[in-house]
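One structure is given here, and the rest of the page talks about it.
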Amino acid sequence: MSAAPKSADAPAPKRGKLPLIIGLVVLLAGGGGGGYFWWSRQQAVKAAEAEGKGGHGEAKGGHGEKAEHAEEAEGGEHGGALLPLSTFTVNLADTEATRFLRTNVQLVLDADEDALKELEHEKLPIARARSIVLEVLAQQKSGDLSTPEGKDALKKAIAEKTAKALHHKVSDVLFSDFVIQF
């Protein structure tokens, strides 16, 4: 005797929930691991910035610009000490529209690490330098900052004015971020 033929309307055999559960576990583990990795990298960058070394360039841009400049400034061919002033966001002096600039400024001082530690301990000279940078940035126009010449003039103005507040020669001004909103 022959077996009854299978009908076309017969339901497919049920699969277990095991593949779904395994998939969810893998997804959650991957998400948790990725989240922990991201969080630990952010903490490492914050800790490096708190120590005054400027991080590893991964916070913005991710191309190692901060690390390269920090190495050059701290022990490379330029010498001196690197003083990070953090991020500035200012309204620009444009009259035709409201525009702003966001930049991360670091000063290269012709000083040794001991002088830099003394400056960081006093805090007032650094606060004055930040105030001066804010004032200089707020006086700029977006058209001027869009050109290499305008950026060079801005660097010179910041270097001259902050040197007076810090009582040390500023040999270079480094921008690790420079975003103009048009």
Inset, instruction - Find how much the distance from V26 to A93 grows on full extension, using 0.36 nm per residue of separation minus their present alpha carbon separation; answer in nm with one decimal. - result: 18.9 nm
Inset, instruction - Taking 7 Å along the Cα-to-C-beta vector as the label spot, tell me the L18-E113 distance in nanometres, rounded to one decimal. - result: 5.9
Inset, instruction - Calculate, in nm to one decimal, what K123 and H167 gain on full extension: separation in residues at 0.36 nm each, minus their alpha carbon distance. - result: 14.5 nm
Inset, instruction - Read phi for every residue in the stretch 172-182 and hand back ³J(HN,Hα) as whole Hz from Karplus 6.51 cos²θ - 1.76 cosθ + 1.60, θ = phi - 60°, with x for Gly and Pro. - result: 7, 10, 10, 10, 8, 9, 7, 10, 10, 8, 9
Inset, instruction - Return the sequence-ordered ³J(HN,Hα) values of the stretch 157-169 in whole Hz as given by the Karplus equation 6.51 cos²θ - 1.76 cosθ + 1.60 applied to θ = phi - 60°, using x for Gly and Pro. - result: 5, 5, 4, 5, 6, 6, 4, 5, 6, 8, 6, 9, 5
Inset, instruction - Find how many whole Å separate the alpha carbon centroid of the stretch 14-30 from the alpha carbon centroid of the stretch 121-182. - result: 55
Legend entry - Relative packing of 22-35, 115-128, 92-105, which averages over residues the other C-beta atoms within 10 Å, highest first: 92-105, 115-128, 22-35
Inset, instruction - Pull out the extension gain between S86 and E149, defined as 0.36 nm times the separation in residues minus the alpha carbon to alpha carbon distance; nm, one decimal. - result: 20.4 nm
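Just so you know, all these numbers are worked out from the coordinates, no wet-lab data involved. These figures come from a predicted structure and were not determined experimentally. Cβ atoms come from the backbone with ideal geometry, glycine included; neighbour counts cover every protein chain shown.
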